[in-house]
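Remarks on the structure that follows.
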Amino acid sequence: MTFQTRKKTQMKSIEQLEKEIALSHLLRTLDIPEMRKHTLEKASTLRWLMRNLAIRNAGKPETVEALEIIRELLRG
């Protein structure tokens, strides 16, 4: 693997960063553990949110929007 190829795979796209920022803003308004709000770059946190976000946040429009962003981030 060349340096340029490795660099491209390590860099996040601007679109992905924008999604992470939007998600972090949404999560501020939802009832989830603080630890989960600060580790969005980890796939394990995104999977946890997919399973557990709606439990304490059912019926909130922000929940639906957050779940859509999480799905997109997990698809990568």
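The values are calculated or read from the model by the stated rules, or taken from the named source; none is laboratory data. Bear in mind the structure is a predicted one, so any value in this text is a computation, not a measurement. We place every Cβ from the backbone using ideal geometry, glycine too, and count neighbours over all the protein chains shown.
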Of (1) β-branched (Val, Ile, Thr); (2) surrounded by 15 or more Cβ atoms within 10 Å (Cβ to Cβ); (3) over 17 Å from Ser13 (Cα atoms), Ile70 satisfies every one except (3)
Candidate set from the range 38-54 (those that are surrounded by 16 or more Cβ atoms within 10 Å (Cβ to Cβ) and more than 13 Å from Glu68 (Cα to Cα)); member that is farthest from the chain's Cα centre (by Cα) = Trp48
What are the pairs, 6+ residues apart or on separate chains, where a residue within the range 59-76 that is closer than 12 Å to Gln16 by Cβ has its Cβ under 8 Å from a residue that is basic (Lys, Arg) and exposed (fewer than 13 other Cβ atoms within 10 Å of the Cβ)?
-> Leu74/Arg47
For the range 1-25, pairs from a residue that is surrounded by 12 or more Cβ atoms within 10 Å (Cβ to Cβ) to a residue that is among the hydroxyl-bearing types (Ser, Thr, Tyr) and modelled with pLDDT of 90 or more, with Cβ under 7 Å and 6 or more apart or across chains, are none
